[in-house]
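J.: Have a look at the structure that comes next, please.
The values are calculated or read from the model by the stated rules, or taken from the named source; none is laboratory data. Since this is a predicted model, take the numbers as computed values, not measurements. Every residue, glycine as well, gets a Cβ built from its backbone with ideal geometry; the counts of neighbours run over all protein chains shown.
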């Protein structure tokens, strides 16, 4: 994937994520440079951002860091192969202590 296509695909994923988060009653903010910051009631944060040099979406969560690369049909974790929205659903579920299913 070339740089312009990466930027478009990453932006689309972040916009879809923002839309999915709107119904969860979470505090989140979109910042410059393709950064989405989610804050939890206990002050913990989860950061989702695009990393243009690696052409990946990165997630920093209490449970660790995760990198997602486009495989031609979906953003997949570079280690586990898990799909981006499924992985974020699991991470958010752990943080919130309740089941969350993001539809991307």
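J.: Only residues that are surrounded by fewer than 18 Cβ atoms within 10 Å (Cβ to Cβ), within 20 Å of residue 101 (Cα to Cα) and within 15 Å of the chain's Cα centre (by Cα): list them for segment 41-63, please.
T.: Listed by number, the residues that qualify are 45, 47, 58, 60, 62, 63.
J.: Could I ask something else about it? What is the residue count in segment 75-91 for residues that are in contact with a helix residue (DSSP H, G or I) (Cβ under 8 Å, 6 or more places away or on another chain) and either at pLDDT below 95 or closer than 16 Å to residue 36 by Cβ (or both)?
T.: Qualifying residue count for the region: 4.
J.: Of everything in segment 90-99, what is in contact (Cβ under 8 Å) with a residue 40 or more places away in the chain and surrounded by fewer than 19 Cβ atoms within 10 Å (Cβ to Cβ)? Give them in sequence order.
T.: If the condition is that a residue be in contact (Cβ under 8 Å) with a residue 40 or more places away in the chain and surrounded by fewer than 19 Cβ atoms within 10 Å (Cβ to Cβ), then 96 is the only one that fits.
J.: For the subset of segment 1-17 comprising residues that are surrounded by fewer than 15 Cβ atoms within 10 Å (Cβ to Cβ) and touching a residue at least 12 places away in the same chain (Cβ under 8 Å), which member is farthest from residue 86 (Cα to Cα)?
T.: That would be 3.
J.: Looking at 30, 94, 101, 16, which one is part of a helix (DSSP H, G or I) and in contact with a helix residue (DSSP H, G or I) (Cβ under 9 Å, 6 or more places away or on another chain)?
T.: When all the criteria are applied, what remains is 16.
J.: Further, regarding this structure: I need the full set of residues from segment 67-89 which are part of a strand (DSSP E or B), in contact (Cβ under 8 Å) with a residue 24 or more places away in the chain and closer than 20 Å to residue 21 by Cα, in order please.
T.: Matches in segment 67-89: 75 only.
J.: Out of segment 50-66, which residues are within 15 Å of residue 17 (Cβ to Cβ), touching a helix residue (DSSP H, G or I) at 6+ places or on another chain (Cβ under 8 Å) and free of Cβ contacts under 8 Å to residues at least 40 places away in the same chain?
T.: 59, 61, 66
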